[in-house]
Protein chains: 2
Amino acid sequence: MDKSRDVRAISYLIFGGYAVLALALAATIARAQDPLPSWNDGSARQAIVSFVAQVTKEGSSDFVPPAERIAAFDNDGTLWAEQPMYVQFLFALDRATEIAPQHLEWRDKEPFASLLKGDLKGALAGGERAMAEIIMATHAGMTTEEYERIDKDWLATAKHPRFKRPYTECVYQPMLELLAYLRANGFKTFIVSGGSVEFMRPWTERVYGIPPEQVIGSRIKTKFEMRDGKPALVRLPELDFLDDKEAKPLGINEHIGRRPIAAFGNSDGDRQMLEWTGAGGGARLMMLVHHDDDVREFAYGAQSRIGTFSDALMDEAKKDGWPVISIKDDWKTIFAFEKRSSVTTGAPAASCGTESPAPPK
Amino acid sequence: MDKSRDVRAISYLIFGGYAVLALALAATIARAQDPLPSWNDGSARQAIVSFVAQVTKEGSSDFVPPAERIAAFDNDGTLWAEQPMYVQFLFALDRATEIAPQHLEWRDKEPFASLLKGDLKGALAGGERAMAEIIMATHAGMTTEEYERIDKDWLATAKHPRFKRPYTECVYQPMLELLAYLRANGFKTFIVSGGSVEFMRPWTERVYGIPPEQVIGSRIKTKFEMRDGKPALVRLPELDFLDDKEAKPLGINEHIGRRPIAAFGNSDGDRQMLEWTGAGGGARLMMLVHHDDDVREFAYGAQSRIGTFSDALMDEAKKDGWPVISIKDDWKTIFAFEKRSSVTTGAPAASCGTESPAPPK
């Protein structure tokens, strides 16, 4: 028996082990030092990092137990692109065209008649009522399971008109990092969106790491009935809850039952959610994404009918100390596909926001 | 340097370490062998254990990924005692008495006039409408935070009329073990109750290990308003959602967005939740607690107006293979306090169920 070989083997095991450990440690430290690689080092990023340090430091007066680390995120314009039009409404338009052959009565009925002629402007001349009719006609009448399949099938093939990518790739990489960073620090992340909850749930876990039970949104009524001897939940063409503005805190209270300590939005529809979050005791973080990058994404704000970021909201953000995230200045990368390919993200689309039709309310 | 001492020290460290490991392992095995110590070894317990083994066995056709391991539990009569009366209604009665001095108009107004004279039967002569009036008068008009404080204060002092214990101790020990066992196996546990969600949330985490965001229940409407310059959610005397019968699957769909793979109830109000759970594909577990122990708890069923367990439900359970849990035969211990003290649990109260007034609907 060659003892020196044994010693070498043991040394190798021990020191090889240390080397592996050291490498793992270095990687961990690197990750710990850079949890938000797509964020430039500015005040927005600093606000996030110091808030997380503050609420996770045991013994500190700002410490928040993990169970109470609730973070609420708006979806459209906060986690994914909402221009040139809310993704869900584009889905409704495609869906209306697809099921039109089963609705011969639509030929003489607005807003469908204009829609089927390709006249979107005419279809939307009826304003919110026309939009609501298109949404109901395309989102109701089927079981919850049928709807989920239709939703997934559409998202699997539909592409963003400018970025030529599936909509679920037009999600903001810095926000994905923020979601992961918060979860790594014991937070539970929720979506609180004006969009329909059923439209989001089939893909939020895969795309954002947010399971369906942590998605809050607008919803239509459903009905329990027996179909072929089996229970089914059938979607009715009737609004049950519109999760926007004042209703966002109500939806949070109804669903979560505790007040978030952090909230992220990008428009006037998120104001009350941020106010409600901020009115709790202890350390709080309220942030607004501002779309000011017409080269890489879209520039819109006070004049846009989709994702309106009014001057009043900007004033409130300044007054209440809500950090505003400038996409142009704070985000190194906007979409993950920018890094993976050299595909152009298209021409600047500065006027996108202001010329878009009225959003569904 | 005493080398032999070093060797002894190292041996001690190594073998002492092994001894600690071995002890820990033995304890783990013991726990693994007996995750449900308050359950007798019968068909109910076996159904639970084999279902859990089935859905957690990787590679098996019945394997369910952890994210989809959703278990739904009714509360009243399934997790805690609901006799001689729903706890929440007892809270409403106490609360009505407490705030009566601020409501001089109640002296001439039913059901309050009778209630204040101590005539419960007279107060409830108005049936469901009278009950709803008592609930609304005591559960609305305050902010969500004020309500939470009132709820907690009452639960801290109120005692169960028979067991002379706080209501939050009148919870079923075997069900606490079942909740913990499911969670240890990757399940997410939810409450789906006809009771009010706001009444349960302040204590479900402490008592059941179920956080507020995993509690679904009936609810009244709330309104967002500014009070002294701060946003507040104010409770309105108007029902928003009654989470019973057909509405339980609707509440689950609205809140969780996926179908549970296990559901536990004890009355006709849980039927549709169990049917909906059972109609999904793959392995499923639907169980009903049957209150048949008038010595240790209460015996009630088909004739009871609270927690009705009709003959039709029993037939359905047999037909569909839903194991029925007999409290008398399946539960070794019902309440944790039985083990901790020799306090009598009182005289048999066989007629409790059948003579109780109508429950709030």
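Some points to look at:
- Within region A:217-258, being at negative phi, more than 8 Å from chain B (Cβ to nearest Cβ), open to solvent by 30 Å² or more (accessible area, probe 1.4 Å) and part of a loop (DSSP other than H, G, I, E, B) holds for A:Leu242, A:Asp244.
- When B:Ser50 is tested against (1) part of a loop (DSSP other than H, G, I, E, B); (2) at pLDDT 60 or above, only condition (1) is not met.
- Residue match in region A:284-296 (condition: farther than 21 Å from A:Val192 by Cα and β-branched (Val, Ile, Thr)): yes
- For region B:112-169, the helices (runs of 4 or more DSSP H) that sit wholly inside it and include 1 or more residues that are of a type in the set (Val, Ile, Thr) and free of Cβ contacts under 8 Å to residues at least 60 places away in the same chain are B:127-139, B:144-157.
- The single condition among (1) open to solvent by 50 Å² or more (accessible area, probe 1.4 Å); (2) touching a helix residue (DSSP H, G or I) at 6+ places or on another chain (Cβ under 7 Å) that A:Ile210 does not meet is (1).
- Subset of region A:173-192 [more than 11 Å from the chain's Cα centre (by Cα), aliphatic (A, V, I, L, M) and open to solvent by less than 10 Å² (accessible area, probe 1.4 Å)]: A:Leu178, A:Leu182
- The set of residues from region A:259-274 being within 10 Å of another protein chain (Cβ to nearest Cβ) and part of a loop (DSSP other than H, G, I, E, B) comprises just one member, A:Arg259.
- Of residues in region A:85-94 being of a type in the set (A, V, I, L, M, F, W, C) and open to solvent by less than 30 Å² (accessible area, probe 1.4 Å), the one nearest to A:Ser114 (Cα to Cα): A:Leu93
- Screening A:Gly195 against (1) away from every other protein chain (no Cβ under 13 Å); (2) open to solvent by 30 Å² or more (accessible area, probe 1.4 Å); (3) part of a strand (DSSP E or B) leaves a single unmet condition, (2).
- Residue list for region A:65-84, restricted to those being in a loop (DSSP other than H, G, I, E, B) and surrounded by 19 or more Cβ atoms within 10 Å (Cβ to Cβ): A:Arg69, A:Asp74, A:Asn75, A:Gly77, A:Thr78, A:Leu79, A:Ala81, A:Glu82, A:Gln83, A:Pro84
- Flag for B:Ala247 being under 19 Å from A:Met226 (Cα atoms) and aliphatic (A, V, I, L, M): yes
- Wholly enclosed helices (runs of 4 or more DSSP H) of region B:288-361 bearing at least 1 residues modelled with pLDDT of 95 or more: B:311-320, B:327-330, B:336-340
- Meets criteria (in a helix (DSSP H, G or I), within 10 Å of chain A (Cβ to nearest Cβ), touching a Lys or Arg at 6+ places or on another chain (Cβ under 7 Å) and open to solvent by less than 30 Å² (accessible area, probe 1.4 Å)) for B:Thr277: yes
- Within region B:292-319, the set of residues being within 30 Å of B:Thr56 (Cα to Cα) and either among the β-branched types (Val, Ile, Thr) or open to solvent by less than 20 Å² (accessible area, probe 1.4 Å) (or both) comprises B:Leu313, B:Ala317.
- Complete set of residues in region A:156-192 that are of a type in the set (A, V, I, L, M) and within 14 Å of another protein chain (Cβ to nearest Cβ): A:Ile191, A:Val192
The values are calculated or read from the model by the stated rules, or taken from the named source; none is laboratory data. What you see is a predicted model, and the numbers here were worked out from it, not measured in a lab. Please note: Cβ atoms are built from the backbone with ideal geometry, for glycine as well, and neighbour counts cover all protein chains shown. Heavy atoms of the whole protein, side chains included, go into the accessibility calculation; ligands, DNA and RNA do not. Shrake-Rupley method; radii C 1.70, N 1.55, O 1.52, S 1.80 Å.
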